[in-house]
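Coordinate-derived values only; no laboratory data. All values reported here derive from a predicted model rather than from experimental measurement. Note: ideal-geometry Cβ built from the backbone for every residue, glycine included; neighbour counts use all protein chains shown.
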């Protein structure tokens, strides 16, 4: 323990002897601040411009990536199949079910007129419709490249797996032999 105290004193004395230590520390501090500033600036340029774009893009993209990954994992687990690449095609995007305010009025002749007005809420200063539910689309067709698919039995098993998983007709499923 006695040796540690002199070492600490020697270290502090060496630091105190450095000329212009305050200038060096100031320059390092400014460099760190500039590095942080410019790294956050470049990240923000790549982001979509509105919160709605961010959530719609990421929800649908995450959904597509998740389905693709799960299908690739299922096919890869099959006997005789090696590398797998999957491409799912969609005919639509997310379907939103919106909340409406129903207003029924009766005319003098007894005819009922029904009007639907979307319910709006204010979120961060912007008016948005109230979304009750988002329905994700099902894949419309599938293209698969798989090692081992040159074997007709494996190719048929892959087609059967996709047909069962997504309830897609075999005419909309293509399987090609991979490397």
* Asked: Averaged over all directions, how much area does the convex hull of the C-alpha atoms of region 95-135 cover when projected, in nm²?
  -> 3.9 nm²
* Structure fact -> Output ordering of 67-73, 144-150 (per-residue mean of other Cβ within 10 Å, highest first) is 144-150, 67-73
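Can you sort 58, 93 from fewest to most other Cβ atoms within 10 Å of each residue's own Cβ?
Ordered from fewest to most neighbouring Cβ atoms within 10 Å, 58, 93 come out as 58, 93.
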* Between region 84-99 and region 154-179, how many Å separate their Cα centres? -> 19 Å
* To do: Give me the distance in nm between label points sitting 7 Å out from Cα along the Cα-to-Cβ direction at residue 22 and residue 126, one decimal.
  => 4.9 nm
* How do 121-128, 95-102 rank on mean C-beta neighbours within 10 Å, highest first? -> 95-102, 121-128
* Give the order of 85, 19 when sorted by the count of other beta carbons within 10 angstrom, beginning with the fewest. => 19, 85
* Asked: At what distance in nm do the modelled label points of residue 78 and residue 111 sit from each other, each positioned 7 Å from its Cα along Cα→Cβ?
  -> 5.9 nm
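Can you sort 157, 140 by how many other beta carbons sit within 10 Å, fewest first? Each step should come with its number before you reach the end.
Details: 157 19, 140 13.
Ascending number of Cβ neighbours within 10 Å: 140, 157.
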